[in-house]
Each structure stands twice: as C-alpha cells, then as structure tokens.
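Data block below; observations after.
Bear in mind that the values in this text are calculations on the coordinates, not laboratory data. This structure is a prediction, so every number in the text was calculated from the model and none was measured. Positions of Cβ are backbone-derived with ideal geometry, glycine not excepted, and every protein chain shown enters the neighbour counts.
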Amino acid sequence: MGNNKYKILIVEDEANIRSFIKANLETSDYQVLCAETCALGMMMYASHHPDLIVLDLGLPDRDGMSLIQEVRKTDTVPIIVLSARSNERDKVEALDLGANDYITKPFGTEELLARIRAVLRSHRHSEEKESSPGGKFRLQDLLIDYDTRQVFVGKEEIDLTQTEYNIMVFLSVHAGKVLTYAAIIRAVWGYSDYGSVKKLQVNMKNIRKKMGVTPGEKRYIINELGVGYRMLAEDE
Amino acid sequence: MKNRQRQKDTLFSILIFGSAFAVNLLIQKLFTTQTLVPMIFVFGVFLISLKTHGYCYGITSAIVSVFAVNFAFTYPYYVFDFFVEESILSAVIMLAVAVSTSTLNSRIRDQEKLRAESEKERMRGNLLRAISHDLRTPLTSIYGSSSTLISKYDALPKEQQLKLLGEIQEDSEWLIRMVENLLSVTRIDGAKVEVVKTPTVLDELIDSVLMKFSKKHPNQKVITQIPEEFVDIPMDSLLIEQVLMNLLENAVFHAKGMTELMLSVSLAGDKAVFEVSDNGCGLPEDALQKIFTGSYEKSAAPVDGTRRNMGIGLSVCAAIVKAHGSDITAENRKGGGAVFRFALERGCEDDGQ
C-alpha cells in the first residue's frame, strides 16, 4: 500500500457514525484512524500526526473544544468539526479556536468528502501563500492579482474600495475555510466595536453587488448565517 | 418592559385625570352646575382602573379626585374642607369603583393569559401527536428494509438490494426533515416566549435558503424578488430559514401542476413582508383556516398515510412566526395557486458606520 495517502483521524464516540465515515473515507483512498474519546484522540494525534482531524464536539470524556485548543498550540493541521445543528455559538467558538470548517449533523457522505477535499487543498495552498504572498488567486471566473491589487470577474475589472479589497484578500487567502465575523473584522480593521459586524455585512453586500452575484447562486463566497463567510476553494 | 408599562400607565392616568378636571372646569363655566362633577371624576377613575395594570393607579386617582372635588368644585372654592359629609361619601364611592374595576380587570387579564397558555399547549399537543404518528411510517420502512437486506442478502438480486437501500435513504431524509422541525419547535418552547433575535442580512438569509433548497430540489427553480438596498432584520435566522424552507417544500410537494415557484420580500413601512407563492392547484377553501393548526391533516389526509404531510411543516411555520410576534396567512391567488405570507418587524435603524 502506498504511504502517500492522506491520514485522517476521526474522533467520534458514536460507533455507527464512526464506521460509516471510516468506510467512506477508506474507499475514497484515505488512510483512517479512529478514536472514541478526547484523550484517545490526543494520543493518536501525537503519535500518528494525521493530515486532517474530523472531530465531534460532544465526546464522553472532555469537550472536543479542548482538543482543538491543545492541537492549535503547536500545529496547523486542518480540523473539521461535526456539530449539532442548533448551536451557532458552538460553531463560532470552534472556528475561533482554530477549527477550519464545520459540518452539521446529519450530513451526507458526499458533503463530508467535499469538505475534506476542500480543506486539505486550501491548507496546502495557504501554507504556500503564507511563505510567499503575492501571485494570483483564481476561482471560477474570479481572479485576484495580489501584486497589482486588482480583482477581475471574467474580463471585467471590479472596482473595489480599500476595505472591500482587504476583505477579499483575507477570504481568498483562506479559501475553503469558514472565517467568523470576528476573525475577518480583526484581520481587516484590527479592532472591533459595536456595529462592526454590520459594517462587515454592508461591505459584503457591496462586494456581492459589484461582482454581480445574486442570492442563490453558488459563486465565490458562501454565507454561513450567524457565523461568518467562506470563499470557495479553488475547484470546489 | 415593566418600566415602560409603568410609565405608560402613569402617563395615561395623568392624562385622564387632567381631562376630567378640564371638562369639569368647562362645565362649571358653561352651566354653573355642580351635579355633574363627581360623575365625571368617577368615570375618569373607572377608565383609569380599566386601562392600567394593578390597583395603585385606580386608587391613587380616586383619592386625588376626591381632593380635587373638595378643593376646586365645592364651596368654599380653592380651600380644602373635609368636614363636608358628601366628600367622605364620594371618597368611599370612588374607592369602591376603583377597587372593583381593577379586580375585574386583573381577573380578565389572568384569564386571557390562561387562554393563551392553553392555546399554546393545545398547539404543542397537536404537533406532537401528528409528529409521533408520522415518525412511525418511515421508521417501519427503514427497519423493515434493513432487516430484509440483512436476512435475505444473498437471495436478493442486486437491483432489489439497491431499491431497498434507496428507500432507506429516502425515508431517512424524510426523518431528518421531521427532526429539524421538531428541533425548531423545542427551540421556541421553553420558558421564554420570545426568541433570541439577531440582525440578519436579508440577502444572506435568502441566499442561504436557496442554497439549501436547491441542494434538496435541484430541478426546482425559484424566482426571487428582494429589495436592492441593504436590509437587516432582527430574527432567529435558523428558524426563519426553516419557515421559508418548509413553505418552499410545501409548494413542491403539494402544489400540483406548479410551474412557477416564487419567493419574494418587500418592504412596507417598518416591516419586511415575506411571500412564498406558486401557481399550482391552490388550497381547498376549508383548509385555509385550519392549515396552520396541524388539525387539518387528520380529517383530509389520504388513507394511504402519504408521508408528504403538510400539516406539521406548516404548523411549525406558524409557531415560529408567532414566536417572532407576527402571524402567517395563506390564501389562494386569483390566477390560481397559493400564497403564504408573513411579516417581520425591521426594528430600529441604527447604522454601525
């Protein structure tokens, strides 16, 4: 067997869920490790250094959040959180702690696979980008040229304000990752105050308008209601 | 909330008392008679006791009125003179009016509260009954199909196996939808009546709904019409998303002959009006009233227990919209088809610039 397969660690206490995720990932050519508790997950992580962690938040021994915290102290390995639907606060907390994406239970296997692919890909890219900013970002017919600070949709140049451009850069550098309102505000304005979420939302509305995106089209940026925004990964 | 009410009550009391006083002055000028004076004050006290909350406004206004009669409208004018027997008697009468009106009033209020409570209770009961009944069908099918697959695995031809698996999947999807609705109901249940509202950008809400909808129904196009400008509306976005989703799916499942499904939002004053309309078969007249209570389905449901039950989805919609302090309505369009409509308050406009 090839050793170049991605290693994915699943931390989930429900045996049935674990088993179907495992079956699915293995047939999609990933190497899969399983852990049913937080402690076991930490141990597996330390000894196997997986390329990605799929983490359920409701674990019997400790809260999954603590695992994210623990891992993020030293590592940028992508983490996808499995969360129950009704709790935006959990999602935001997990993302702010450093999780890359979340997926809401119940989910389809296709959806999970797509997220895994996107997160792995964007992780690879952002590592490259962090070391050498500049170059170009391409997504569908969207093109961002970091060197000349220009944004194009098709052939047309989009006239963005400084703030709008900064938002686009931040989203695109982290394409594939859900960014919370707080994270974007921190990156773009450096501080946050009352009303800054609205300021961000107004800017996003203008960006969408300038790019000619209407609701319901899956183009460029996904709205995660009450949580934040996510730019699509490059060939999602 | 409490403070506001207190302010309102106080203001109202002062206003009524002031008017009573003014009317009396006027009458005194015009007719030079005093027989009407106590009556008008009694009426004022009655009004105040009727419209305010608690006893204190009525009683206070009664006492103040007695003083006013004594001071301004009995001889000697503009002097307090408490040795007039009349004034003691009128004080007693006014107090009696104030106390009995307030008592009656609070009793009515209590009853109203109880009625609202039992109405909510009834709605919840209906929902639970409908849902538990409806959960059994897909569960039976999932259990049956999977057991068959396990016990007869080798005997079944491959396409038969796939068919059974497909049914399991389909029924699970239906269960998911059901449980989402149940979760929504429990979210608005609980001790607090009001939901937690956060300002939600209309564009983003509609975008999110459409994305989810097209994932489930890729072939159904939805025509959307929303205002151009930046609109944010305080709401529990997950719940309103669920309402719109339910309404759209309801049209897909029930509006026979539909070719056009439309989701539109318009602004009317300080409200945003949401509409989901189709050009399908419309709703039977007798359903229009009962459709949101969850009680319609039982009488009219086809005997085969068809799982495309609209009762639950729509009563969940009604409950959610109600929790947002509004109402949902359904009507038939003139040209055929149905339209579902509800409005949300836009809240005060403060910009964060």
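Observations, loosely collected:
- Protection proxy ranking for B:97-106, B:44-53, using the average of other Cβ atoms within 10 Å per residue and placing the highest first: B:44-53, B:97-106.
- Among B:206-212, B:165-171, the order from most to least packed when residues are scored by Cβ within 10 Å on average: B:206-212, B:165-171
- Between A:THR74 and B:GLU167, the simple spin-label model (points 7 angstrom out along Cα→Cβ) gives 5.3 nm.
- Normalised by the number of residues in the range A:7-126, the average gap of Cα pairs under 8 Å and 6 or more apart makes the relative contact order 22 percent.
- Based on DSSP H segments of at least four residues, each scored -39500 (n - 2.57), chain A has a per-residue ellipticity at 222 nm of -13500 deg cm²/dmol.
- The chymotrypsin sites (Phe, Trp or Tyr not before Pro) of the range A:128-208 meeting both criteria, a DSSP state outside H, G, I, E and B (loop) and at most 11 other C-beta atoms within 10 angstrom of the site's C-beta, are A:TYR191, A:TYR194.
- Look at the stretch B:216-226: the mean tally of other chain Cβ atoms within 10 Å of its residues' Cβ atoms is 1.
- Mean residue ellipticity, 222 nm, helices only, chain B: the sum of -39500 (n - 2.57) across DSSP H runs of n ≥ 4, divided by residue count and rounded to 500, is -21000 deg cm²/dmol.
- Ranked by how many other Cβ atoms sit within 10 Å of their own Cβ, fewest first, the residues A:GLU156, A:GLU88 fall in the order A:GLU156, A:GLU88.
- Take every DSSP beta bridge whose two residues both sit in the protein assembly as shown; close to 65 percent of them are antiparallel.
- Taking other C-beta atoms within 10 angstrom as a stand-in for reagent exposure, B:SER172, B:SER13 fall in the order B:SER172, B:SER13, fewest first.
- The magnitude of the dipole of the protein assembly as shown, with charges of +1 and -1 set on the Cβ of Lys/Arg and Asp/Glu and taken from the Cα centre, is near 780 debye.
- Proximal charge balance of B:GLU275 [Cβ under 12 Å; K/R count +1, D/E count -1]: 0
- Built amide H within the under 5 Å cut-off of A:ARG62, gap 5+: A:CYS38, A:ALA39
- Which of A:ILE79, B:ILE131, B:ILE150 has the fewest Cβ neighbours within 10 Å, and the rest in rising order: B:ILE150, B:ILE131, A:ILE79
- Bridgeable lysines around A:LYS155 (alpha carbons under 21 Å apart, same-chain partners fewer than 8 residues away excluded): A:LYS136, A:LYS209, A:LYS210, A:LYS218.
- Computed FRET value (nearest 0.05) for B:VAL79 with B:VAL196, which takes r as the C-beta separation and R₀ as 60 Å: 0.55
- Average beta-carbon neighbours from other chains, 10 Å sphere, peptide B:228-238: 2
- Relative contact order for chain B, counting Cα pairs under 8 Å that sit 6 or more residues apart, in percent: 12
- Chain B: C-alpha gyration tensor shape, a/c 1.5 cut-off, then a/b vs b/c: prolate
- Approximate spin-label separation B:GLN5-B:SER147, in nm, with each point projected 7 Å along Cα-to-Cβ: 5.5
- Percentage relative contact order, the range B:111-251, counting C-alpha pairs under 8 Å, at least six apart: 22
- Taking 0.36 nm per residue of separation and subtracting the current Cα-Cα distance, fully stretching the chain between A:ASP145 and A:ARG89 would add 16.7 nm.
- Shape call, chain A: gyration tensor on alpha carbons, a/c limit 1.5: prolate
- Look at the stretch B:202-210: the mean tally of other chain Cβ atoms within 10 Å of its residues' Cβ atoms is 6.
- Under 17 Å of direct C-alpha separation, and excluding same-chain neighbours fewer than eight residues apart, B:LYS120 reaches these aspartates and glutamates: B:ASP110, B:GLU112, B:ASP189, B:GLU194, B:ASP327.
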